[in-house]
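Only one structure is covered here, and it is reproduced in the block below.
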Amino acid sequence: MNGRTITIIRYEPTGDKDPTGRPVTTPAEETVDDVLVAPGSQSNATDSTRPDGVTVAFTLHLPRSYTVGMTSLRGAHVRIDDAEYEVIGDPHPYDGGLNPTRWNLQAEVTDTRG
């Protein structure tokens, strides 16, 4: 199996605030190669305020060579091709050391449109 290249985007605070008092952020991008991208559930949004909405999800399997480091993937976004998705939760690598493949971190991402 061969993976794809994705971009992980973390919005880091600059320490400044905008005129409304919200923190100003700047994107920090990181490219990760050899990521398996599996389609997840794709469904119509059932929210009554978005009758034409759709939710798209993917499950990403990141390679063992990728280390989350000091920061987690919580709140990060992922660019796959030209679309940006939000990471769900706070994924962590599989524990135990001996996994049968070269991918040891599973992350789910989603985007809702419409």
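Before moving on, here are some points about what is shown:
- Other residues lying with their Cβ under 9 Å from the Cβ of Glu29 contribute a combined charge of +1, Lys and Arg counting +1, Asp and Glu -1.
- Distance between modelled label sites at Glu12 and His92, nm, 7 Å Cα→Cβ extension: 2.4 nm
Every number here is computed from the coordinates shown, using simple stated rules; none is lab data. The structure presented is a predicted model; accordingly, all values stated were derived computationally and were not measured. In this analysis, Cβ positions are derived from the backbone assuming ideal geometry, glycine residues included, and neighbour counts consider all displayed protein chains.
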